[in-house]
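Asker: Sharing a structure, written as structure tokens. Questions coming.
Values in this text are rule-based calculations from the coordinates and carry no lab data. The structure displayed is predicted, hence computed values, not measured ones. Don't worry about glycine lacking a Cβ; one is built from the backbone with ideal geometry, like all the others, and counts go over all protein chains shown.
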Amino acid sequence: MPGKSITIRKERLYPHPPEDVWAAITDPHALAEWMEPNDHQPIVGHKFKFMSDPGICGLGVKECEVLEAEAPRRLVWSWVHLPKDPARPRPEPMRIAWTLVAEEKGTRLILEHTGAENINWAFRNMMRVGWGYMMKRLIPRILERVQDAKFTPGAIPLNKRAYSCKTVPEQYIR
């Protein structure tokens, strides 16, 4: 139905303190390993990009902005998939909200991706599956390499990541 708001929601409990989970979702090197190459900084107003080669799994360039950053509890981005054809209209931004809740056994990470109606159903379904896979399989690998809120690169080698980056500028590749 046109005009219907679509939200993708995922949550996962990790046996790690909130500061370590915060590092896994804010450190640009960690994000490059479990998501895509980027120039992220968890500072409100910071504009950044996630980049990968366009293709079946890669969606090319995503322009984002940090809307909220309250360490280690909440992080919100605006997110726009840039069209492959620059003559096409720019889609409305989506919102990616990460909420970290300290619990007795660790940290519950809650993802709420709103505005998913702004992308076509194929990308939307890829993102729904992708977020689940990243939270279940990839973020735990990153967390194995976070200690005292510091990430040490090498959890997921470049040749084992879910994207390719042959067309991504060198400064984004970590």
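Asker: To the nearest 10 degrees, how steep is helix 121-133 against the longest Cα principal axis of the chain, on a 0 to 90 scale?
Answerer: The answer is roughly 10 degrees.
Asker: Taking GluC sites (Glu not before Pro) that fall in a DSSP loop and have at most 15 other Cβ atoms within 10 Å as cut points, what is the longest piece of the chain between them?
Answerer: Result, exposed sites excluded: 1-103.
Asker: Most mobile of ARG141, ARG90, ARG128 per a Gaussian network model of the chain (Cα springs, under 10 Å)?
Answerer: Sorting by GNM fluctuation, first place goes to ARG90.
Asker: Sort SER52, SER164 so that the residue with the fewest other Cβ atoms within 10 Å of its own Cβ comes first and the one with the most comes last.
Answerer: SER164, SER52
Asker: If Lys and Arg each add +1 and Asp and Glu each add -1, what is the summed charge of the other residues whose beta carbon sits under 10 Å from the beta carbon of ARG12?
Answerer: +2
Asker: So which residue, out of PRO91, PRO42, PRO28, gets the largest mean-square fluctuation from a GNM of the chain using Cα contacts under 10 Å as springs?
Answerer: PRO91
Asker: Name the residues whose placed amide hydrogens come within less than 5 Å of the amide hydrogen of ARG74, ignoring near sequence neighbours (fewer than 5 apart) on the same chain.
Answerer: Distant-sequence amide H within range of ARG74: LEU100.
Asker: Still on this structure: What is the total of Lys pairs in region 7-146 with C-alpha atoms under 27 Å apart, excluding same-chain pairs fewer than 8 positions apart?
Answerer: For region 7-146, the number of qualifying lysine pairs is 13.
Asker: Can you pull the percent of Cα pairs in region 105-174 with separation above 15 Å?
Answerer: 68 percent
Asker: For every other residue with a beta carbon closer than 15 angstrom to the beta carbon of ILE156, add +1 if it is Lys or Arg and -1 if Asp or Glu, then tell me the sum.
Answerer: Once positives and negatives cancel, what remains is +3.
Asker: Rg to Rh ratio, region 7-146, alpha-carbon atoms and Kirkwood radius?
Answerer: 0.95
Asker: Here's a follow-up. What list do you get for THR99, THR26 if you sort them by fewest beta carbons within 10 Å?
Answerer: Arranged by neighbour count, lowest to highest, THR99, THR26 become THR99, THR26.
Asker: Another one. Lys and Arg at +1, Asp and Glu at -1: add these up for the other residues within a Cβ distance under 11 Å of ALA23 and post the number.
Answerer: Within the 11 Å Cβ shell, the charges total -2.
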